[in-house]
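Chemist: To start, I am sharing the structure in question, which I have written as structure tokens.
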Amino acid sequence: MIEPAREVALARGLIDETGARHRRVLLRPLNGWQEWSLAAAPDRIGAAEVHALLASCIERLGGYSEIDTSHTAALSRGDRARLALELRSLLFEDRLPLTQRCPNPDCRELADLDLFVSQLLGEPGAPEPEWFDVATEDGPARVRPPTGLDEEISMALPAPPEQQAALLWSRITGAVGDQRGLTAEDWLALRPATRQAIAMALADGEAAPDLTFLSRCPACAGWLELEINPFDLLTRELRRGADRLLAEVHCIAFHYSWSEDTILALPRSRRWRYLELLRDQIEGRPLNEGWG
Ligand SMILES: [Zn+2]
């Protein structure tokens with residue numbers, strides 16, 4: 001291991017078949033190859049790619065040290081968002097500058113918004129309950145946050161978005177009254193007030209980084225609503241830095257004669273350290289004050 005992994009606490013974590021929680025993650029920074037492939041990825045990477053990316057960066061998850069996509073697909077969307085923000089903070093500075101175009105058709109000005117990833121992450125706090133209980137007109141119900149697998153399966157349904165959403169809700173709704181194992185049709189057959197109560201219980205209970213922001217347009221003072229998808233953010237920022245990554249590989253390869261493979265296997269922090277040493281050497285500065 002060439003860079004220390006970061007310890008991250010998840011809000012929900014992985015719940016194994018005995019009901020035990022696995023909330024502590026050791027997260028490795030992306031290496032150059034991973035930065036490269038994300039920079040070349042489409043605007044929105046698919047659920048399966050998200051699971052594979054997280055599995056390749058998690059060194060340890062609670063009691064598990066061999067992590068595959070079955071583990072990462074079982075994480076809640078809040079925990080996956082947290083991990084994506086942590087991966088981003090291992091690469092970039094804390095400040096997250098965003099630009100949003102004003103939705104007012106008479107304005108369309110660009111507005112800047114400065115966020116800080118450390119503030120988005122906040123504290124994970126106490127473990128999230130496995131189920132959120134809620135009283136509905138159809139009797140007591142319980143709901144849990146969607147996992148990556150829930151999202152992957154419902155998005156793969158060749159049907160309109162309402163049907164996909166119904167499948168997702170049916171998967172995460174554990175019970176309504178004496179109904180168990182709901183189907184998408186069961187979900188759609190529930191009273192609207194029941195569905196709404198379940199959705200509210202999920203929104204209130206879910207421990208996820210808050211990724212929706214409201215601000216005022218500086219030009220027309222209209223409201224701007226911004227929702228961040230941390231995986232989109234990561235791919236967008238890496239795409240913007242793709243030329244620089246190429247220049248870094250070029251510079252290190254030129255001076256050290258290492259192969260592209262070797263250089264891209266390094267995480268960014270290590271590449272940058274070598275580039276700093278090269279700069280110091282070229283400028284005749286001491287490479288390490290402590291030597292000799
Ligand atoms: Zn405006």
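Chemist: (1) under 13 Å from the mean Cα position of the chain (by Cα); (2) surrounded by fewer than 22 Cβ atoms within 10 Å (Cβ to Cβ); (3) not β-branched (Val, Ile, Thr): which one isn't true of Asp68, the others all being true?
Modeler: (1) is the only condition that Asp68 fails.
Chemist: Continuing with the same structure: Select from region 122-137 the residues that are assigned to a strand (DSSP E or B) and surrounded by 13 or more Cβ atoms within 10 Å (Cβ to Cβ) and write down the one among them that is farthest from the ligand (Cβ to nearest atom).
Modeler: If we take residues in region 122-137 being assigned to a strand (DSSP E or B) and surrounded by 13 or more Cβ atoms within 10 Å (Cβ to Cβ), then Asp133 is farthest from the ligand (Cβ to nearest atom).
Chemist: Could you run through region 257-270 and say how many residues are part of a helix (DSSP H, G or I) and at pLDDT 95 or above?
Modeler: The number of residues fulfilling the criteria is 5.
Chemist: Need pairs with beta-carbon distance below 7 Å; first residue closer than 10 Å to Ala111 by Cβ and within region 198-222, second of a type in the set (S, T, N, Q) and within 16 Å of the ligand (Cβ to nearest atom); sequence gap 6+ or separate chains.
Modeler: That search, which allows pairs on different chains as well, returns Cys217/Asn104; Cys220/Asn104; Gly222/Asn104.
Chemist: If you don't mind, another one. Could you please find all residues in region 178-198 being under 14 Å from Leu167 (Cα atoms), of a type in the set (A, V, I, L, M) and in contact with a helix residue (DSSP H, G or I) (Cβ under 9 Å, 6 or more places away or on another chain)?
Modeler: Leu182, Ala184, Leu188, Leu190
Chemist: Let me ask another. For the structure I just gave you, tell me whether Trp258 is out of contact with any Asp or Glu (no Cβ under 7 Å at 6 or more places or on another chain) and surrounded by 14 or more Cβ atoms within 10 Å (Cβ to Cβ).
Modeler: Here the answer is yes, as Trp258 does meet what is asked.
Chemist: Arg180 passes all but one of (1) touching an Asp or Glu at 6+ places or on another chain (Cβ under 7 Å); (2) without any contact (Cβ under 8 Å) to a residue 60 or more places away in the chain; which number fails?
Modeler: Evaluating Arg180 over (1) touching an Asp or Glu at 6+ places or on another chain (Cβ under 7 Å); (2) without any contact (Cβ under 8 Å) to a residue 60 or more places away in the chain leaves (1) as the failure.
Chemist: What are the residues in region 63-79 that are under 15 Å from His22 (Cα atoms) and either hydroxyl-bearing (Ser, Thr, Tyr) or in contact with a Leu (Cβ under 7 Å, 6 or more places away or on another chain) (or both), if any?
Modeler: Hits for region 63-79 are Tyr64, Ser65, Ile67, Ser70, His71, Thr72, Ala73, Ala74, Leu75, Ser76, Asp79.
The values are calculated or read from the model by the stated rules, or taken from the named source; none is laboratory data. Note that the structure is predicted; figures quoted are calculated from it, not measured. All Cβ positions, even for glycine, are placed from backbone atoms using ideal geometry, and neighbour counts span all protein chains on display.
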